[in-house]
Amino acid sequence: MEQWATPGNEHNVVVKFFFSFFFFHIRCAMTQLTHQTTMIRLLIFLVLMLQIIACGAPKPGQFTYPEPVDTSTRPIEMQEKKTWTVAGVYADNQFDAARLNDFTQLDDSTWQATIRPENFPINMSPWYAFRLWADSTISINLRLHYENGRHRYPPKISTNGRTWQPIDSTAMQPVDSTDLLVKLDLSTDTIFFAAQELVPSRDVESWCSLMALHPAVTYGSAGISKQGRNIPMLIINEGEPKGKEMVVVLSRQHPPEVTGYFAMQAFVEELLADKPLSNAFRKKYRILVFPLMNPDGVDNGHWRHNAGGIDLNRDWAYYRQPEVRQVTARIVQEAHEFKNPVVLGLDFHSTWKDLYYTFDETLPSVLHGYKDYWLQGIEEALPGYKADDRPNGLNQPISKTWFFQQFRAESVTYEIGDNTPRDFVRRKGAVAAIEMMELMILRN
């Protein structure tokens, strides 16, 4: 993995040089010159030079919205990593992306897994993931109990943490308006029990390394998260990078949204396919991919927020959180350094159903009209599929509005349903890439 310089580092070196150079001459002037006018001229010259340097350093813009959000860091609750032993049944959360806050027995046949969010208030995306086993073969009732939340994700089980099966719906029963009761068969063999498939940061890094085997891919870091984890970044380009238009792809701002991540994977892999369309696209466009925006939230098993207790997809005007601050700085720096106008931003997410958040007709981008042709192409390539387009305006400080405000770029929040079949998730992700490339390859 290549480690790039921190965004703006080259600029800082130049600033230090000018400071040293001019302060040296000022000291000389103070010892050799006594004329007050000469001193004033030197100081004015220093100020002007520093202003010129500052103007040459591109930075993400400051924007205001009708629905502002306070993204100042807030405390979070770090779950205790441990193994619970309760009447011959065991549970643990000692792995990346786990979430289990307590494990108790309610009666002879019922155990309760308590799930709490990292802080509150919070979006209702109650992530859970833990392991279970027992001293002997036993059938139990497991109650998923949510504090400050309600059940959303139907559970899945795995014996290895990689291949997953949904639990039969007949084995599940809602309790009250928040909890879920699940019938389970346990044995001495350990099973993983989770809201969605586990994709911790190490798995994302492994995928990035695999993508980097392609000669058009450079794998590096966009920065470091609040807790010191890598924020991975892929640059996709063939030939001379300067002067090309640029496409930016984001994923996993919100930890539980793995179906959006799967769609992003399929999308990127199609861009790297050895096909005439993909090969031509990589020569014409430069692509930046940030597949894991929130590594702390993912590895800590958070419901929504980063380690700063904030929804990252509300910080795209303030840059108070290190993940958004570093990624936006990297995008702006790359666009400036290589003269790559950003024309399209795609942010992959998950929600209750497949849909697309786009812009309405009052906000013409540099690709005005693109999204209508793109969604039409996706529909035509997927018989029976109807794209759910949800156009809106510049209301909140999210990534979609940032791309428009910063670059006047077309931007789409690409949402995949929590329970959309995984083969269709990948197929639609690949189709979305094909339809995008077919449209954009025709641009002059």
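Just so you know, all these numbers are worked out from the coordinates, no wet-lab data involved. For clarity, every value in this text was computed on a predicted model and none was experimentally measured. Don't worry about glycine lacking a Cβ; one is built from the backbone with ideal geometry, like all the others, and counts go over all protein chains shown.
Worth a mention:
- The stretch 63-102: translational diffusion in µm²/s, Stokes-Einstein, Kirkwood Rh over Cα pairs, 37 °C, 0.692 mPa s: 241 µm²/s
- Cα gyration tensor shape of the stretch 83-194, rounded if a/c is under 1.5, else prolate or oblate by comparing a/b with b/c: rounded
- From the C-alpha gyration tensor of the stretch 201-440, square roots of 5λ in Å: 23, 21, 19
- Label-to-label distance for Met124 and Ser221 is 3.9 nm, based on points extended 7 Å past Cα in the beta-carbon direction.
- Rounded to the nearest Hz, the phi-derived 3J(HN,Hα) couplings of the stretch 237-252 under the Karplus curve 6.51 cos²θ - 1.76 cosθ + 1.60 (θ = phi - 60°) are 6, 10, x, 5, x, 5, x, 7, 6, 10, 10, 10, 10, 10, 7, 6, where x marks glycine and proline.
- Candidates Trp402, Trp84, Trp303, ranked by Gaussian network fluctuation over the chain, Cα under 10 Å, top entry: Trp84
- Here the 3J(HN,Hα) profile of the stretch 401-417, calculated from phi with Karplus coefficients 6.51, -1.76 and 1.60 at θ = phi - 60°, is 6, 4, 4, 5, 5, 6, 10, 6, 7, 5, 8, 9, 8, 9, 9, 10, x Hz, Gly and Pro shown as x.
- Annotation: amide H-H contacts under 5 Å for Glu245 (H modelled 1.01 Å from N, sequence separation of 5 or more, or interchain): Arg286.
- Filter on Lys284/Lys386; Lys283/Lys386; Lys156/Lys353; Lys59/Lys428 - keep pairs with C-alpha separation over 24 Å: Lys284/Lys386; Lys283/Lys386; Lys59/Lys428
- Sparse packing (at most 10 other Cβ atoms within 10 Å of the Cβ) combined with a DSSP loop state is found for the following trypsin sites (Lys or Arg not before Pro) in the stretch 382-418: Lys386.
- Label-point gap, in nm, between Arg320 and Glu67 - each point 7 angstrom along Cα→Cβ: 1.8 nm
- Net charge in the neighbourhood of Glu80 (other residues with Cβ under 14 Å of its Cβ; Lys, Arg +1, Asp, Glu -1) is 0.
- Overall Cα dimensions of the stretch 318-423 - principal axes, largest extent first, Å: 43, 28, 27
- Helix axis angle, 258-271 relative to the chain longest principal axis, alpha carbon, degrees: 50 degrees
- Each residue of the stretch 308-325 was assigned a 3J(HN,Hα) from its phi angle through the Karplus curve 6.51 cos²θ - 1.76 cosθ + 1.60 (θ = phi - 60°); the sequence is x, x, 10, 6, 4, 7, 10, 10, 8, 9, 10, 6, 7, 9, x, 5, 5, 4 Hz, with glycine and proline shown as x.
- Under 5 Å, built H, 5+ apart or other chain: amide partners of Gln253: Met293
- Placed amide H near Arg143: partners under 5 Å, 5+ positions off or other chain: Trp111, Gln112, Ala113, Val182
- Fraction of the pair-distance distribution of the chain above 40 Å, Cα-Cα pairs, percent: 28 percent
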